[in-house]
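The values are calculated or read from the model by the stated rules, or taken from the named source; none is laboratory data. Quick caveat: nothing in here was measured; it's all calculated off a predicted structure. Reconstructed Cβ throughout: ideal geometry from the backbone, glycine too, with neighbour counts over all protein chains shown.
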Amino acid sequence: MTTPIVYASAGVAMLCIALFGFLTARHVLRRILALNIVGSGVFMMLVALAARPDPPDPIPHALVMTGIVVGVCVTALALALLRRMFADEGSARLPEDREFG
Amino acid sequence: MTTAAWMEALLAAPLAGAVIALISGRRAAALVGVVTAFATAAASIALAFAVSRSGVLRYAVGGWGRPLGIDLYVDGLAAVMVAITGVVGACISVCAAGYFAPKPTHADLPSDKHDRAWLYWPLWLMLWGGMNALYLSADLFNIYVTQELIGLSGIGLIALAGGSAISAALRYLLLALAGSLLYIVGVELLYAGYATLDLQQLRDRIDANPSTFAAAALMTAGLLAKSALFPLHFWLPPAHGHAPVPVSAALSALVIKTGFYLVVRLWLHVLPGLAWAHLATLLGVLGAAAVFWGGVQALMQERLKMMVAYSTVAQVGYLFMLFPVASVPEALPGALLLAASHAAAKAALFMCAGSVLAVYGHDRIRSINGIGTRMPLTAVAFALSGISLIGLPPSGGFAGKWLLISAAFAAGAWWWAAIIVLGGLLSAVYLLRALAFAFLEPPIAGFGRAPWGMEATSLVLAFIAVGLNFAARPLSELLNAGAG
Amino acid sequence: MTADAAALDILLAVLLVFLVWRLLTLSDLFKATILFIVFGLLLSLAWVRLRAPDVALAEAAIGSGVTGALVLDALRRLGAHGAVDEARPLRLNLARLSGGLLVACLGAILLWSVLSLPAGWRGLSAEAMAAMPHSGVTNPVTASLLNFRSHDTLLEIAVLMLAVLGVWTLDAEPKPSAEPAGPILDLLVRILLPLMVVVAGYLLWAGGHAPGGAFQGAAVLAAGGILLHLARPFYLGNHVIIRLVIGFGFAVFLAIGVMLVVGGGRFLEFPSRHAGTLILVVEAAATISIALILLALFVGNVREGAGRDAP
Amino acid sequence: MAVLDWLSMALVGAGTLFFIAGSIGLLRLPDVMTRLHALTKADNVGLGLIVLGLSLQTSGPMEVVRLLLVWALALLTSSCACYLVAHATLQARRETGHDS
């Protein structure tokens with residue numbers, strides 16, 4: 001019974017650290033990584049939830065797999081936009097984040 | 001055909017159209033797109049009639065039924081949103097058929113983009129299909145997937161403009177992704193608490209504990225970011241202001257409403273059992289702040305498209321002033337009428353701005369002299385949609401605000417009514433400022449030809465916005481047909 | 001549970017959290033990306049410990065594999081100048097404190113909800129098991145993805161298509177100056193590529209009764225394509241054949257759903273007798289499309305001769 | 001049976017040592033090429049020892065074949081990846097004049 005709780009707690013910790021990282025980071029690539037980890041944290045909570053009954057609840061597994069695939073799509077598009085913005089404007093930060101260090 | 005058949009059509013038609021447009025490529029995409037658009041619009045109106053005749057319907061996709069499977073659910077509220085999307089979406093498609101034509105005619109769409117312009121059609125039909133799927137869904141996680149569908153197609157559409165739209169699209173993407181993740185955390189908490197993702201079952205099982213509150217708060221925060229409620233509106237003006245004209249129209253008129261709809265669905269239909277008076281007041285206060293902030297910013301804009309985009313920030317505020325007075329029966333029809341007339345008027349205004357761009361080559365408010373004589377159709381459309389946005393009679397905006405104001409008085413909270421009136425005055429100021437330059441100054445010579453398709457569409461939309469003045473009663477009846 | 005298994009869980013959990021913290025604070029984004037990939041691989045280990053082998057496969061192949069490749073490729077295209085991040089992430093100041101407090105509150109509430117969950121929580125596992133005999137497959141996760149919640153999966157494939165469409169809307173990127181690798185790699189690719197096709201086919205077929213399925217199979221197939229791209233760079237463009245293959249999986253899925261309606265059933269309601277066959281058809285079509293989609297996302301919008309030089 | 005158990009334990013232990021050595025090498029060695037040495041050599045031998053150790057614990061020849069297949073695949077992929085990394089490094093050196 002402790003395995004799900006251990007991982008769910010780790011999921012919460014990952015989620016919170018990465019959410020804070022997303023709020024404070026300026027480089028868009030790091031923001032993208034942070035959001036990916038927020039997603040992993042949520043998915044970890046969901047899969048830990050699914051591991052409680054025996055046999056495991058397959059519905060959260062399906063949700064998480066959908067979430068992983070959607071996450072890759074969003075990440076890929078974000079990276080493509082980032083590369084385009086960097087090629088056009090010479091910065092990997094959003095315009096409002098460019099002034100200070 | 002039955003309600004169920006129309007629901008199936010509304011899901012499958014735009015998605016099928018999108019994939020056919022994708023495969024058929026540059027030559028036939030526009031044709032496929034316009035045909036699909038009219039078919040989908042017809043189905044949306046048919047669904048509204050079917051619901052008003054035979055009431056709400058629950059439909060188990062795949063035949064499994066909740067909680068294992070995913071259910072669709074249509075009531076008056078969903079039918080109204082689908083119908084708004086259908087009518088305005090058809091008009092936007094007509095406008096886009098001219099705008100994204102193979103010949104470069106528009107200053108804001110560089111000519112080297114024209115070999116990719118056909119990508120508009122699969123993206124736009126996917127967006128439309130995503131909105132229909134969102135309004136018709138009764139499953140929390142399915143709603144997440146539809147939101148991603150909407151978000152990704154919206155970002156692709158914004159990026160079509162290139163240039164400074166790229167960073168706007170990137171900002172929108174990061175915000176939408178963060179919003180989605182907050183929403184998913186909420187879904188996780190609710191699934192942990194109630195072992196279901198179905199809205200109706202949640203409503204029946206919900207009890208007030210901290211985890212449910214946290215779930216509701218997280219989901220609401222995510223949705224507020226997507227519906228650009230003050231102070232989470234910062235991404236909207238650049239994204240909507242820099243996108244191609246039909247895209248700005250679709251995003252401002254329709255996509256913003258999906259977030260609002262979900263907040264309404266969540267708080268009024270799923271969680272009415274929670275004591276949420278403080279949160280409702282907070283939403284109302286944020287709405288009021290949005291009305292003023294958006295109005296003042298719109299007044300300070302130099303470009304017509306940016307002014308119209310900031311006006312959306314303000315108009316979103318009115319919608320959220322529904323929540324503090326939601327207990328009064330007139331409030332919801334009022335807010336929905338406001339949403340419908342804003343959809344029509346805002347799409348019309350963006351198209352007016354697009355026509356001005358096409359003729360003048362720019363949209364600086366100070367130099368759009370003589371629109372009244374050069375482009376009378378656009379000027380009339382601008383004025384009519386302005387009337388609806390300000391809330392002057394007779395217009396859908398007036399009828400909606402009237403209902404909201406009477407709801408505020410019925411709830412004994414006159415100050416909301418005062419804010420609505422003051423906000424109307426503010427929008428009168430910025431719209432009249434632009435109109436003054438358009439009408440009072442003498443016309444200047446030169447420049448291009450007005451795109452008649454866009455002008456005509458904007459006029460049709462403006463007349464719809466005005467004509468919605470008489471829609472209050474049928475709307476209330478449709479909503480009541482859904483109250484099952 | 002034995003004590004050493006518990007120790008392994010705790011060690012893995014702590015390591016995961018530590019990796020997250022490190023990769024968000026490192027100023028070198030290249031190192032952060034490597035840690036991100038390591039994080040993904042360890043995450044699949046966690047999924048295995050949580051008895052979710054399907055998720056583990058998907059995470060290793062897509063979550064960590066494809067995403068990692070995409071991020072590394074983006075870093076390469078940004079170049080040394082673009083990969084510099086002079087900010088100090090996670091450094092606390094007054095403005096960030098409020099955000100930090102908010103996040104801490106969120107963490108406390110989430111932790112509370114994790115700990116307060118009753119021990120006998122069942123979820124929908126009983127309902128799912130009861131429905132399994134009618135689902136046409138014996139792997140519950142495949143049944144959930146392609147039958148119980150097939151509507152989600154249909155829209156998910158649409159999301160995949162949208163990502164490619166979004167990439168296509170952007171201006172073509174400058175062509176990276178990659179010269180084809182030598183004969184050794186060619187030989188290796190010639191051995192590995194057929195193997196990867198076989199593995200992808202196996203994963204697709206196994207999905208019905210064991211961990212695996214369309215997404216994992218497609219990811220392996222796409223990895224083969226990426227390998228080929230690394231060995232001999234090629235550009236996809238958006239020719240009609242590419243568009244046809246990309247739209248194929250979604251079109252087949254949607255057509256089957258609509259066909260079932262025409263046949264008198266409900267949208268995506270697979271009849272119990274044919275469910276297994278229909279799922280396999282949908283998955284096979286989806287595998288091909290998803291593989292090409294993932295490959296197109298990696299290759300990006302680079303066209304021969306159309307590249308514009310970065311300023 | 002106990003002898004076999006001890007033997008497989010020793011083999012797996014030796015394999016693990018190779019992995020640890022490889023990981024330390026990855027972290028401590030100065031540039032890409034030397035790190036590649038640490039990584040591929042150590043991991044291939046390490047995995048081979050672990051596979052050997054595990055195949056002493058199997059119930060039938062099929063499982064041994066499968067384990068050997070895993071090792072063969074890992075050998076192939078790691079040499080492929082190693083070659084790619086080395087190639088990219090050489091190219092970067094030629095372009096910028098120094099190691100990245």
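What the table below lists for this structure:
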| read-out | value |
| --- | --- |
| Positions within region A:21-43 being buried (at least 24 other Cβ atoms within 10 Å of the Cβ), assigned to a helix (DSSP H, G or I) and at the interface with chain C (Cβ under 7 Å from one of its Cβ atoms), in sequence order | A:21, A:29, A:30, A:33, A:34, A:36, A:37, A:40 |
| Failed condition for residue A:56, given (1) out of contact with any helix residue (DSSP H, G or I) (no Cβ under 6 Å at 6 or more places or on another chain); (2) facing chain C (nearest Cβ under 7 Å) | (1) |
| Test: residue in region B:243-256 that is of a type outside the set (Ser, Thr, Tyr), within 14 Å of another protein chain (Cβ to nearest Cβ) and either assigned to a loop (DSSP other than H, G, I, E, B) or free of Cβ contacts under 8 Å to residues at least 60 places away in the same chain (or both) | yes |
| Yes/no for residue B:138 being within 19 Å of residue A:94 (Cα to Cα), more than 8 Å from every other protein chain (Cβ to nearest Cβ) and touching a residue at least 40 places away in the same chain (Cβ under 8 Å) | no |
| Selection from region B:196-226 of residues that are buried (at least 23 other Cβ atoms within 10 Å of the Cβ) and not in a helix (DSSP H, G or I) | B:197, B:198 |
| Any hit, region C:213-222, residues being farther than 24 Å from residue C:77 by Cα, within 10 Å of another protein chain (Cβ to nearest Cβ), modelled with pLDDT under 90 and not in a helix (DSSP H, G or I) | yes |
| Count of region A:72-84 residues which are within 12 Å of the chain's Cα centre (by Cα) and at the interface with chain C (Cβ under 7 Å from one of its Cβ atoms) | 2 |
| Helices (runs of 4 or more DSSP H) contained in region C:90-181 and holding at least 1 residues farther than 19 Å from residue A:69 by Cα and within 7 Å of another protein chain (Cβ to nearest Cβ) | C:94-115, C:125-131, C:150-169 |
| Lone qualifier among C:114, C:141, C:137 - being in contact (Cβ under 8 Å) with a residue 60 or more places away in the chain, under 15 Å from residue A:50 (Cα atoms) and surrounded by 15 or more Cβ atoms within 10 Å (Cβ to Cβ) | C:141 |
| Residue tally, condition touching a Pro at 6+ places or on another chain (Cβ under 9 Å), of a type outside the set (A, V, I, L, M) and either more than 7 Å from every other protein chain (Cβ to nearest Cβ) or farther than 15 Å from residue B:175 by Cβ (or both), over region A:85-99 | 3 |
| Residues within region C:256-290 that are among the aliphatic types (A, V, I, L, M) and more than 19 Å from residue B:59 (Cα to Cα), tallied | 11 |
| Residue in region B:303-314 that is touching a strand residue (DSSP E or B) at 6+ places or on another chain (Cβ under 8 Å) and buried (at least 24 other Cβ atoms within 10 Å of the Cβ) present | yes |
| Residues (within 7 Å of chain C (Cβ to nearest Cβ) and closer than 25 Å to residue C:297 by Cβ) located in region A:59-70 | A:61, A:62, A:64, A:65, A:66, A:68, A:69, A:70 |
| Single residue of D:66, D:35, D:94 found to be basic (Lys, Arg), within 14 Å of chain C (Cβ to nearest Cβ) and within 21 Å of residue C:31 (Cα to Cα) | D:35 |
| Any hit, region C:45-68, residues being acidic (Asp, Glu), outside the structural domain of residue C:230 (by TED's automatic domain parsing) and assigned to a helix (DSSP H, G or I) | yes |
